[in-house]
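To start, the structure under review is shown below, and the notes come after it.
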Amino acid sequence: MEELLKQLEAYRAEINASTATDPKAVEEFRIKWLGTKGLVKSVMGEMKNVPADQKKAFGQLLNDFKVLAENKFEALKETAGTPESASGSIDLSLPADEMPLGSRHPINLMRNRIVSIFQRLGFAVAEGPEIEDDWHNFTALNLPEHHPARDMQDTFYVQQNPDWLLRTHTSNVQIREMEKGKLPIRGIFPGRVYRNETVSARSHCFFHQVEGLYIDENVSFADLKQTLYFFVKEMYGKDVRVRFRPSYFPFTEPSAEMDVSCFICGGSGCNICKKTGWVEILGCGMVHPNVLQNCNIDPNKYTGFAFGMGIERPAMLKYGINDIRLFSENDIRFLKQFTAAI
Ligand code: PHE
């Protein structure tokens, strides 16, 4: 024991006397005293040889010794610096670490593209609730009680309240905007919708739509066509061809569906367009007088058009995505591929 005490005293003196003028010397001090094979460790190792009745006192001494070495190290660092912080050891010419950037979701990229084209025509963006009541999703849109779209098969109803449901289309925003009572309306309404469909590579129980609505005096079907012509040319290029097919929606009359010439094969026929040369992209029509009336708008004074299109399908075609489920799986390997597309 005597010897160990003496040794400790000598070490203490040595530590107290240590100086370091540069980071290298500080590092040497650290290795000598505090390193994994340093003297503090080895002295600590002597504890096992200390008789039981002296362990407590010795433990205290050894601990003080360790603290002394640590404090000295900190003090030397203060004055001489550490290797990392020493000027001269940083290579300022090295390229900076890359900052990982997030990326936009392909659905958002496509939505923003669609929306910004209509914004340039003076359409203002608005949004509505995804949990909606029967009135805004169905009744006000002239969907009769027995209409198949109300079927439990297609619509998710909210258990707590039979009047509530997950909106099946963005057309609910038409009603919400018209009910505000401010005319004219020129709006574009993007959002998520829900339908009780079997999830597969081609369809999902939720997806996204963009709705458009224009209400004013003297709005005609010609305005609808011109607006949509402008949209497809901006979206798919000058050479795209368009066709309207008569269709039926309870909330528009007349109603139509619009096809564009297949932007994959250019119209000659491929797998995407099922060899027809055409791809359906939206439903549209003149707002039904009953709908205007339901929103306290005089159908004798005002007319309007509406259209609605899905986002997933154009996004899948544009980015070559073959499974709709990829959009909602949050797989980083999928999502990060769209970084460059911002
Ligand atoms: N809401 C219709 C649908 O989901 C699309 C649509 C909107 C049709 C507006 C006409 C007018 O299929």
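Things to note:
- Any hit, the range 67-76, residues being at pLDDT below 90 and of a type in the set (Lys, Arg): no
- Residue match in the range 207-216 (condition: charged (D, E, K, R), crowded, with 18+ Cβ neighbours inside 10 Å and touching a Cys at 6+ places or on another chain (Cβ under 7 Å)): no
- In the range 166-202, the residues that are touching a residue at least 40 places away in the same chain (Cβ under 8 Å), within 11 Å of the ligand (Cβ to nearest atom) and in a loop (DSSP other than H, G, I, E, B): His169, Thr170, Ser171, Arg195
- Being among the charged types (D, E, K, R) and in a helix (DSSP H, G or I) is a property that holds for Lys48.
- For the range 203-231, taking the residues that are away from the ligand (no atom under 16 Å from the Cβ) and not hydroxyl-bearing (Ser, Thr, Tyr), the one that is nearest to Cys295 (Cα to Cα) is identified as Asp216.
- Residue list for the range 158-178, filter: over 14 Å from Val287 (Cα atoms) and out of contact with any helix residue (DSSP H, G or I) (no Cβ under 7 Å at 6 or more places or on another chain): Val158, Gln159, Gln160, Asn161, Pro162, Trp164, Leu166, His169, Thr170
- Number of the condition not met by Lys77 [criteria: (1) more than 16 Å from the ligand (Cβ to nearest atom); (2) within 30 Å of Asp323 (Cα to Cα); (3) surrounded by 16 or more Cβ atoms within 10 Å (Cβ to Cβ)]: (2)
- Annotation note: Cβ proximity below 7 Å between a residue of the range 17-28 that is in the same structural domain as Thr79 (by TED's automatic domain parsing) and surrounded by 14 or more Cβ atoms within 10 Å (Cβ to Cβ) and a residue that is assigned to a loop (DSSP other than H, G, I, E, B) and not basic (Lys, Arg) (sequence gap 6+ or interchain) occurs for Pro23/Gly81; Pro23/Thr82; Pro23/Pro83; Pro23/Ala86; Val26/Ala20; Val26/Thr82; Glu27/Pro83.
- Failed condition for Arg325, given (1) within 27 Å of Arg150 (Cα to Cα); (2) crowded, with 17+ Cβ neighbours inside 10 Å: (2)
- Only listed residue being under 32 Å from the mean Cα position of the chain (by Cα), in a loop (DSSP other than H, G, I, E, B) and modelled with pLDDT of 95 or more, chosen from Glu127, Glu132: Glu127
- Selection within the range 294-303 - touching a residue at least 12 places away in the same chain (Cβ under 8 Å) and at negative phi: Asn294, Cys295, Ile297, Lys301, Tyr302, Thr303
The values are calculated or read from the model by the stated rules, or taken from the named source; none is laboratory data. In this text the structure is predicted, and so the values were computed from the model without any measurement. As a convention, Cβ positions derive from the backbone with ideal geometry for all residues, glycine included, and neighbour counts pool all protein chains shown.
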